[in-house]
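For reference, the structure discussed in these notes is given below.
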Amino acid sequence: MNAQDSGSPGRKPWSPYLGGALSGLLVVGSVWVTGKYFGASTTFVRSTGFVERVFAPERVAALEYFVKEAPKVDWQWMFVAGIFVGALLASLASGTFRWQAVPPGWAERFGPSKLRRGIAAFCGGALAMFGARLADGCPSGHGLSGSLQLSVSGFVALACFFAGGLVMARILYRGR
Amino acid sequence: MDLTYGLVTGILFGIFLQRSEVLRHDRQLGALRLRDMTIVKFMLSTVVVAMVGVYLLVDLELAKLSVKPLVLGGNVIGGLAFGLGWGLLGYCPGTSLGALGEGRWDALWGILGSLCGAALYAEAYPAMKATLLAWGDYGKITLPQVLGVNHWLVIVPLAAGALLLFRWFERKGL
């Protein structure tokens, strides 16, 4: 089930330099045509607002943060949805789509348990998103858009993203 | 119209990320374990190309910058918290959607967790505003402003530094 990603069939990957450079041109085109810089984490706030509004509309209306980042579909929401569609199309076209519950590297360290992987991924996602909102951006908003504009907040946040990530990777994979 | 541009831009970005294998959990952890620099190569290539292009547009008055304020309390504490969560999840907010798109559906747990994290943050926001977000607020500043130099004097050395780093990665086989 958990076929190794390396050596799996399907077309060979692109050089990350090529993919990155093309993405850079895409940023330039986006900024030129629509004035929009890449970002992703605000979309999670807006989507949470949508879901929460179904169960507790008064609560959503009362929270200052949902007034600031109102539940609506905007450029960034469609951009994030597009990443899903693009990855789906590219993986199907290149034969690299895999229905996989546990990444091979995780399975090697923590075993094939889907539950264990699910709990870790859920907790990681919650902590990461809380942090991204506190930092006012994620690796898209700060890491790409911030640093390419030479903004000090982008460089500071990016350094902290990696510092936190290195610590967690050290804790999880110590001695491996 | 904005929505269509957003979707098309996202689809193209999703294709580039997927074909470069940047969406994979093991690639992201590879960078955090300092073994596989694929995602760093991708990210820095994007930054270098976009940095030159966007500042050219700004010089030609064809585009405007959109800089986020430096708030040390938020950027540092939030950034570290993000990093810890990222190491555990192995996807970031944008790539979790892409990972789901290529069938790595453990990303779905990460996405659900992210929605809960966003809900928690909405509850905590007033408290954060009074504490962490009030610490070290320097406003919307860029590196050239801080150094008091023309932006190209920052862009050219950064681009050269990235190229040297890439050469080092390739020599070390990272």
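The values are calculated or read from the model by the stated rules, or taken from the named source; none is laboratory data. Keep in mind it's a predicted model, so treat the numbers as computed, not measured. Using ideal geometry, Cβ is built from the backbone for each residue, glycine included, and neighbour counts are taken over all protein chains shown.
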Fill in the blank from the handout: Apart from one, (1) closer than 28 Å to A:Phe110 by Cα; (2) at the interface with chain A (Cβ under 7 Å from one of its Cβ atoms) all hold for B:Gly53; the odd one out is (1)
Practice task
Output yes when any residue across segment B:74-95 is in contact with an Asp or Glu (Cβ under 9 Å, 6 or more places away or on another chain) and either more than 7 Å from chain A (Cβ to nearest Cβ) or at pLDDT below 95 (or both), and no when none is.
Solution key: yes
Exercise for the section: Check off (1) out of contact with any Pro (no Cβ under 9 Å at 6 or more places or on another chain); (2) under 24 Å from B:Leu44 (Cβ atoms) for A:Val80 and give me the number that stays unchecked. Expected result: (1)
Exercise for the section: Taking the options B:Val52, B:Val47, B:Val58, name whichever one is closer than 16 Å to A:Leu18 by Cβ and of a type in the set (Val, Ile, Thr). Expected result: B:Val47
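Regarding B:Leu62, is this residue surrounded by fewer than 20 Cβ atoms within 10 Å (Cβ to Cβ), of a type in the set (A, V, I, L, M), at the interface with chain A (Cβ under 7 Å from one of its Cβ atoms) and in a loop (DSSP other than H, G, I, E, B)?
yes
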Problem - Those residues of segment B:21-33 which are among the charged types (D, E, K, R), out of contact with any strand residue (DSSP E or B) (no Cβ under 9 Å at 6 or more places or on another chain) and within 7 Å of chain A (Cβ to nearest Cβ), in sequence order - result: B:Glu21, B:Asp26, B:Arg33
Practice task
Would you mind telling me which numbered condition in (1) free of Cβ contacts under 8 Å to residues at least 12 places away in the same chain; (2) surrounded by fewer than 24 Cβ atoms within 10 Å (Cβ to Cβ) B:Asp137 fails?
Solution key: (1)
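Just give me the residues in segment B:34-50 being part of a helix (DSSP H, G or I) and either of a type in the set (Val, Ile, Thr) or more than 8 Å from chain A (Cβ to nearest Cβ) (or both), in sequence order.
Here is the first cut: in segment B:34-50, the ones part of a helix (DSSP H, G or I) are B:38-50.
Residues satisfying the conditions are B:Thr38, B:Ile39, B:Val40, B:Thr46, B:Val47, B:Val48, B:Val49.
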Exercise for the section: Check whether at least one residue in segment A:24-38 is free of Cβ contacts under 8 Å to residues at least 24 places away in the same chain, among the basic types (Lys, Arg) and surrounded by fewer than 23 Cβ atoms within 10 Å (Cβ to Cβ), and report yes or no. Expected result: no
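Of the residues B:Leu164, B:Leu100, which is facing another protein chain (nearest Cβ under 7 Å) and either charged (D, E, K, R) or free of Cβ contacts under 8 Å to residues at least 24 places away in the same chain (or both)? Before you say what the answer is, go through the steps one by one.
Numbers: B:Leu164 fails: facing another protein chain (nearest Cβ under 7 Å).
Only one candidate qualifies: B:Leu100.
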Exercise for the section: Could you please let me know if A:Leu148 is facing chain B (nearest Cβ under 7 Å), buried (at least 18 other Cβ atoms within 10 Å of the Cβ), within 30 Å of B:Gly73 (Cβ to Cβ) and in contact (Cβ under 8 Å) with a residue 24 or more places away in the chain? Expected result: yes
Handout entry: Contacts under 7 angstrom Cβ, first residue in segment B:20-37 being on the phi > 0 side of the Ramachandran plot, partner in a helix (DSSP H, G or I), 6 or more apart
Key = B:Glu21/B:Arg27; B:Glu21/B:Thr38
